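The values are calculated or read from the model by the stated rules, or taken from the named source; none is laboratory data. Since the model is a prediction, treat every value here as computed from it, not as a measurement. A quick note on method: Cβ atoms are made from the backbone with ideal geometry, for glycine too, and the neighbour counts reach across all protein chains shown.
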Amino acid sequence: MLSKCVVVPRSKGETIRKKLSEEGLLRKDLRIMSLEDDIYIPIAVEAYDDIELCFPITEMDFEEVEQIKGYKELADVPEHLKELLPTSFDMIGDICILKLEEELLPYSQEIGEAILKTNNNLKVVALDGGVKGEFRTRDLKIIAGEKRTTTTHKEYGLRFEMDVSKVYFSPRLARERKRVVDLIENENGETILDMFAGVGPFSIMIARHSNIKEVHAIDINPDAVEYLEKNIKLNKVDNISHYLGDARSVICEIPNADRIIMNLPHSAIDFLGTGLDVLQPGGIIHLYSIVENEDLPKFSEKVVEMAKGFGHEVRIEEKRMVHTYSPTSGLYVFDLISLL
């Protein structure tokens, strides 16, 4: 299989392999190659531009690694229930978070242990009881592995410390965060507003990989802001100002923005007027919302009409599904351009 790869001297091969693995950039589905005095280490295609290594990058045809036996085959559950086993779960750092059908709950420990056996990078498996409360944090129960909910998640060369029981974080937005970074006009030095920043994945990726003036990051959850501050230091960025509080109240302290991130999928649209009021003419809002697939055209019209109701005119430059949310709905992003 063709893949981008880093070419390193054999003497440095293991050191660079470990570094790439720690940064989440190593392709573990392909077998590392060696030719003469060099090692060819396959890397994630979407991430190779972000690797800060003094070694050449090329493309090679790699042998695929035989996949580890699936956890479903190892899970000690009745045969007739195996079809209910989840086909996907969130992996945040070394913690796996999954949801189970009610019939599988008596076998949760067995399922968790099977997942750990087939995923060497995981140390904790937690059962997700749903997102609850004002801060929309997950109700978690550890079913296998170490008894902790703190971890460090790696994404595009960045590190994010967090307690997944106290803050909300979605690893499934990694490519979307990178997409937004790639849209930023570096030469203009944009001012960015992240209205629901959490532990800082959007804010820090933008600050680290874009030539922006400043990011203003807000969150109402004290634990999230505490980790946001830690992650700013951890990733060595110095152009982020962070604020604790409701975005509608805090926003008056912040200068108008060229680009606004509104990542609060269940209720971001309720803050649309607030965001538009502090958006520069010609600025962009990235609005994230859970939408029933069949209602997408109506929802798009609703967004435009709501903006008019707030005294603003917007154009939807792009709308796309970020990932599925349920069999009939998805998390969609709407890129709104202010026309007034």
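Within region 119-139, if we keep just the residues that are charged (D, E, K, R) and within 20 Å of Val199 (Cα to Cα), the residue that is surrounded by the most Cβ atoms within 10 Å (Cβ to Cβ) turns out to be Arg138. Is it the case, given these coordinates, that Gly133 is small (Gly, Ala, Ser) and under 30 Å from Val237 (Cα atoms)? The answer is no for Gly133.
Going through region 289-315 one residue at a time, which ones are touching a helix residue (DSSP H, G or I) at 6+ places or on another chain (Cβ under 6 Å) and outside any helix (DSSP H, G or I)? The answer is Ser289, Val291, Phe310, His312, Val314. On inspection, Arg179 passes the criterion of being of a type outside the set (Gly, Ala, Ser), at pLDDT below 95, under 23 Å from Pro281 (Cα atoms) and assigned to a helix (DSSP H, G or I). Taken as a whole, region 218-225 holds at least one residue that is closer than 19 Å to Ile284 by Cβ and either without any contact (Cβ under 8 Å) to a residue 60 or more places away in the chain or more than 17 Å from the chain's Cα centre (by Cα) (or both).
On the given criteria, is Val164 touching a Phe, Trp or Tyr at 6+ places or on another chain (Cβ under 8 Å), among the aliphatic types (A, V, I, L, M) and at pLDDT 95 or above? Break it down stepwise before answering.
Working: touching a Phe, Trp or Tyr at 6+ places or on another chain (Cβ under 8 Å): no; among the aliphatic types (A, V, I, L, M): yes; at pLDDT 95 or above: yes.
Criteria not met by Val164.
Inside region 79-110, can you point out the residues that are of a type in the set (Lys, Arg) and over 22 Å from Ser165 (Cβ atoms)? Can you show your working first?
Here is the first cut: in region 79-110, the residues of a type in the set (Lys, Arg) are 82, 99.
Within region 79-110, just Lys82 meets the criteria.
Scanning region 159-176 for residues that are in contact with a Pro (Cβ under 8 Å, 6 or more places away or on another chain) and either within 15 Å of Asp238 (Cα to Cα) or in a strand (DSSP E or B) (or both) returns a single hit, Phe160. Looking only at residues of region 22-67 that are at pLDDT 80 or above and either β-branched (Val, Ile, Thr) or in a helix (DSSP H, G or I) (or both), we find that the one that is surrounded by the fewest Cβ atoms within 10 Å (Cβ to Cβ) is Thr58.
Considering only region 140-158, state which residues are in a loop (DSSP other than H, G, I, E, B) and touching an Asp or Glu at 6+ places or on another chain (Cβ under 8 Å). Step through it out loud before you land on a result.
Restricting attention to region 140-158, the residues satisfying the condition of being in a loop (DSSP other than H, G, I, E, B) are 146-149, 156-157.
Hits for region 140-158 are Thr149, Tyr156, Gly157.
Please verify whether Ser329 is of a type in the set (Ser, Thr, Tyr) and in contact with a Gly (Cβ under 6 Å, 6 or more places away or on another chain), treating the condition exactly as stated. Considered against the rule, which asks whether it is of a type in the set (Ser, Thr, Tyr) and in contact with a Gly (Cβ under 6 Å, 6 or more places away or on another chain), Ser329 comes out as no.
When the criteria are applied in full, His286 meets the requirement of being surrounded by 13 or more Cβ atoms within 10 Å (Cβ to Cβ) and either assigned by TED's automatic domain parsing to the domain that holds Asp90 or within 23 Å of Arg172 (Cα to Cα) (or both).
Among residues belonging to region 85-139 that are assigned to a loop (DSSP other than H, G, I, E, B) and of a type in the set (A, V, I, L, M), point out the one that is nearest to the chain's Cα centre (by Cα). Among them, the one singled out is Leu122.
One line per residue, one yes/no per condition, for (1) among the β-branched types (Val, Ile, Thr); (2) modelled with pLDDT under 95:
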position	(1), (2)
Tyr243	no, no
Cys252	no, yes
Pro255	no, yes
Ile261	yes, no
Ser267	no, yes
Pro281	no, yes
Ile284	yes, no
Tyr288	no, no
